[in-house]
Every structure is written in C-alpha cells, then in structure tokens.
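Here the structure comes first, spelled out in structure tokens, and everything after it is commentary.
The values are calculated or read from the model by the stated rules, or taken from the named source; none is laboratory data. In this text the structure is predicted, and so the values were computed from the model without any measurement. All Cβ positions, glycine included, derive from the backbone under ideal geometry; neighbour counts span all protein chains shown. Accessible surface areas use protein heavy atoms only, side chains included; no ligands, DNA or RNA. Shrake-Rupley method; radii C 1.70, N 1.55, O 1.52, S 1.80 Å.
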Amino acid sequence: MPNRHVVLFVAALTAAVVLMPQPAFAQAGCEAIIKAMNAEMKAPAWHRTAEIKTARATMKVEIIKADGQLFRRMNDGPWGKMPMDAAALNQTNGELLQSGKLTLSGCKRVGDEAVASVATVIYEYTSTIAGQPKPFSGRIWIGASDSLPYRSDSGTMSQRTEYRGVKAPQ
C-alpha cells in the first residue's frame, strides 16, 4: 500500500485540476472539463510542474507520468520514483469522484489563449472536495484540438502540463 500522505498529496494535486474520470456529480456545462479529465488520464506520458504559494512558503513540485510509473521531485531536488504507479493514481482519482467526494459546478468558457504555442480554451469552474473547509474556484486551459489540460490556476496553486517528448527521469 502506498504511503497515505503521498497518495493524498498526488490526489490533491490532481484534484486541483479536477482530472477525474466520468464524474457523476458534475453540473451541466462541465462537459469540456470532463472530456479533458479523460484525455489526460489516457495520455501515455506527461510532465506536470506545480507551484504552490502560501503566506509562509513557496514550493515547486514536479510529477512525471511515463512508462506506467510516476516520478516526483520537489524544489528542483533529485527525482524519485513514487510508490504509486499511474494505474493506482487513476484508480484513486476515479474513486474520489465516483464516491461524490469531488463535485464540479459553475463551469463556463471565459476565453482563448495559447499555452506553449498550443491553442487552448479557458474555462472557469468551482470544485468542492468533501472534508475541505470550502469550495475552490479555478481556471483550466484545455487544448482546442486535443482536449488535454495544459494549465490550471486555483487559489495558491498554478500548474502547467507538457505531453510531448516526456520521458522517465534518469
């Protein structure tokens, strides 16, 4: 069984962008975000860089999904293989949403913008996670032609995800 804190941390990072499969608890208008969730889950590889800023600290976290495995590093430190693999991450995320512990609402298209030369459509949304003190609102930049999420911003976290040329770290 993976370390509970690692599982929760990865689930929280992923949930911040609401990358979950087939939500049963999503409001109408959230279909593009749901499609992006599924596209990202099916992607064979990705490299996500998250920057978390609070009043007390700033932290950079990178996660790579490659070869069915997950790797992470914090604040440009060394890469390490995570005890959870990509299939376990998908299962954890799916359980979070299917259980109704995560819901989407207020989804709306708010613009278009290129992210790393990829044309994207920007959506705003509200995500509610059971056990959290309050819902959070965010934005997600979804590829216009491939439906993959390339960027997200919510509260104190900003994330960017790359899909091309991603390989497991050495």
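A crude spin-label estimate for the pair V110 and A130, with each label 7 Å from Cα along the Cβ direction, gives 2.8 nm. For region 23-170, the share of accessible area belonging to carbon and sulfur comes to 50 percent (1.4 Å probe, ligands and nucleic acids excluded).
If a paramagnetic tag sat 7 Å from the Cα of K167 along the Cα-Cβ line, which residues of region 60-93 would have the backbone N under 13 Å from that point? Within reach of a label on K167: 67.
Cross-link partners for K35 among the lysines, with Cα-Cα distance under 26 Å and sequence neighbours closer than 8 places in the same chain left out: K65, K101, K108, K134, K167.
Starting from the Cα of K81, draw a straight line to each of the aspartates and glutamates and keep only those under 15 Å, dropping any in the same chain fewer than 8 residues away. The qualifying aspartates and glutamates are E62, D67. The heavy atoms of I129 present about 30 square angstrom of accessible area, all protein chains included, probe 1.4 Å.
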